[in-house]
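**Q** The structure under discussion is supplied below as structure tokens; questions concerning it will follow.
The values are calculated or read from the model by the stated rules, or taken from the named source; none is laboratory data. Model, not experiment: these values are computed from the prediction. Methodologically, a virtual Cβ is constructed for each residue, glycine included, from the backbone with ideal geometry; neighbour enumeration extends over all protein chains shown. Heads up: the accessible areas ignore ligands, DNA and RNA and are worked out on the full protein's heavy atoms, side chains in. Shrake-Rupley method; radii C 1.70, N 1.55, O 1.52, S 1.80 Å.
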Amino acid sequence: QGLKPLVPTESRAPSSGTSKRPPDLSAVDPFLGKNKVPDLQKIFQRSDGLPVHLKRGVPDRMLYRTTMALTVGGTIYCLVALYIASQPKNQ
């Protein structure tokens, strides 16, 4: 039996890296959709004084406020839990 070599002795057919497109795909794939990057660049590069994480309007504001509420609530919860845990137990 012995040890097997680290490098395979026979060559395998390439599994990927082909430069030809499969013949059943068209030149423009319909599943890619419209390029939204130029539209988003216009939104995010506008100088309106808003931070970038709030530029898309109401959904961004709701997500930001929810995140801040959970952060503040979690901090208060941890502080209260630490306070309760530090109290001496009366037996």
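**Q** Around H53, with a cut-off of 10 angstrom between Cβ atoms, what is the net charge of the other residues, counting Lys and Arg +1 and Asp and Glu -1?
**A** +2
**Q** Could you provide, to the nearest whole Å², the per residue accessible area of region 51-90 with probe 1.4 Å?
**A** That works out to 89 Å² per residue.
**Q** Could you work out what % of the accessible surface of region 51-90 is carbon and sulfur, using a 1.4 angstrom probe and leaving DNA, RNA and ligands out of the count?
**A** On the way: 2510 of 3550 Å².
Summing carbon and sulfur atoms, their accessible area is 71 percent of the total for region 51-90.
**Q** A follow-up question, please. For region 51-90, what percent of Cα pairs sit more than 16 Å apart?
**A** Counting pairs separated by more than 16 Å, the tail of P(r) holds 54 percent.
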